[in-house]
1. If only Cα atoms are counted, what is the Rg of the range 102-200, and what is its Dmax, in Å?
2. If amide hydrogens are placed 1.01 Å from N in the peptide plane, which non-local residues have theirs closer than 5 Å to the one on residue 146?
3. What percent of all Cα-Cα pairs in the chain falls into each 5 Å bin, going from 0 up to the bin containing the maximum distance?
4. Would you mind computing Rg(Cα) / (2.2 N^0.38 Å) for the range 1-117, counting N as its residues?
5. Enter the accessible area of residue 88 (Å², nearest 10), with the probe set to 1.4 Å and all protein chains included.
6. Per residue of the range 117-122, what does 6.51 cos²θ - 1.76 cosθ + 1.60 with θ = phi - 60° give for ³J(HN,Hα)? Whole Hz please, x for Gly and Pro, Karplus curve as stated.
7. For the range 144-200, what is the convex hull (Cα atoms) projected area averaged across all directions, in square nanometres?
8. If each of residue 35 and residue 115 carries a label point 7 Å out from its Cα toward its Cβ, how far apart are those two points in nm?
Amino acid sequence: NATIEWVKGLDGPKGMAVMGNKLWVADITTMKMINLKKARVQKTIPVENSVFLNDVCAAGRFIYVSDSRSKKVHQIKGNKVTTFMEGLEGPNGLLCQPEGLYVLDNGKLLLRQHDGVLKTIATGMEGGTDGVERVNGRDFIISSWAGVIYYVTQEGKVTKLLDSREEKINTADIGYDDDTKTLYVPGFYKNTVTAYRLVL
């Protein structure tokens, strides 16, 4: 028998990231830390002045969470929340990588390096950029909520792979399996998930 309800006590979960045996979930204006073994919320951390916490990623001892409405990215270490980036246009997708934190910000892919320098990797994508995944440890697959999937090189070249706007199929966050080169795309409001094989 399948377990339909796994964890209770969430209000509007969005992004998630695993750190050790804990699952961190963005839940509107709080971060919920879920104990994976016990399947329960172990800790709730309010994010002050947050409006719409969205994507989450983990790096080392740090958790990062975007707030698309307050236009900030927060950093969490232990129980302490600090503002890591602010003055953005509409941050959503986050990707923690050895060179720093990648942030999708309303049609742009940014890199906040460990030295604090902010670099623009790519621009010109449809606003509402949502999900970002690494390809071959170098390039990126990026989704836009409007219904567009892009391939973006580390040098910033943007190629449109899929455009489902005419069919009114929104593409939210995405998943990518680098071993099988398979991209998983949710068809929001259509109740579908489509798998695509990338030929690189």
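The values are calculated or read from the model by the stated rules, or taken from the named source; none is laboratory data. Only a predicted model underlies this, so the values are computations on that prediction, with no experimental measurement involved. When we count neighbours, we look across all protein chains shown, and the Cβ atoms used for this are built from the backbone with ideal geometry, even at glycine. When the accessible area is computed, the model is the full protein with side chains, heavy atoms only, and any ligands, DNA or RNA have been set aside. Shrake-Rupley method; radii C 1.70, N 1.55, O 1.52, S 1.80 Å.
1. Cα-based Rg and Dmax for the range 102-200 come out at 13.2, 43 Å.
2. 171
3. Spelled out per bin, shortest first, that is 1, 7, 16, 19, 20, 17, 12, 6, 1, 0, 0.
4. 1.05
5. Ignoring ligands and nucleic acids, residue 88 comes out at about 20 Å².
6. Karplus-based 3J(HN,Hα) across the range 117-122 equals 6, 9, 10, 8, 8, 8 Hz.
7. With every direction weighted equally, the projected area is 4.2 nm².
8. 4.4 nm
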